[in-house]
1. So between residue 104 and residue 89, what do we pick up on full extension, going 0.36 nm a residue minus the alpha carbon distance?
2. At 0.36 nm per residue, minus the direct Cα-Cα distance, what do residue 73 and residue 46 gain on full extension? Give it in nm, one decimal, please.
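Quick note: the coordinates plus some simple rules give every number you see, no bench work behind them. Quick caveat: nothing in here was measured; it's all calculated off a predicted structure.
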Amino acid sequence: MKTTTLFLITISLLLQSCFSYKTINPETANLVVGKTYKIKQNKIFEKVKLKSFTDSTIIVRRTFKEKEILKSEILKMKQRKFSVIKTAVFIPVVVVVSAVGIFAATYKGPQIGGGIQMPP
């Protein structure tokens, strides 16, 4: 039970990201070529890298394929930003939780009566 809980906590901490996404309007936002964005079309968010853009379209790259998207077809767009706070909190939390987890997994409890023998 301890190892399962420790494993789940470790996995959840390792899957955290030091990045956050801020919702932007593709029509008015200052888009930057080479930045990573999340674009929602047809109920699905896609993580893409912006290659170029015009007033009405954007060209993005996802999994080695370039795709042209009309700005009017984008339901929601999010820009990736590096989060200093998430990074500053994440590293110490991982260290503390790992240390506590290792201690909890290896601790056997106090030994009662281990060195004293009763006379016959």
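1. Contour length minus the Cα-Cα distance gives 3.2 nm.
2. Extra length available between residue 73 and residue 46 comes to 8.4 nm.
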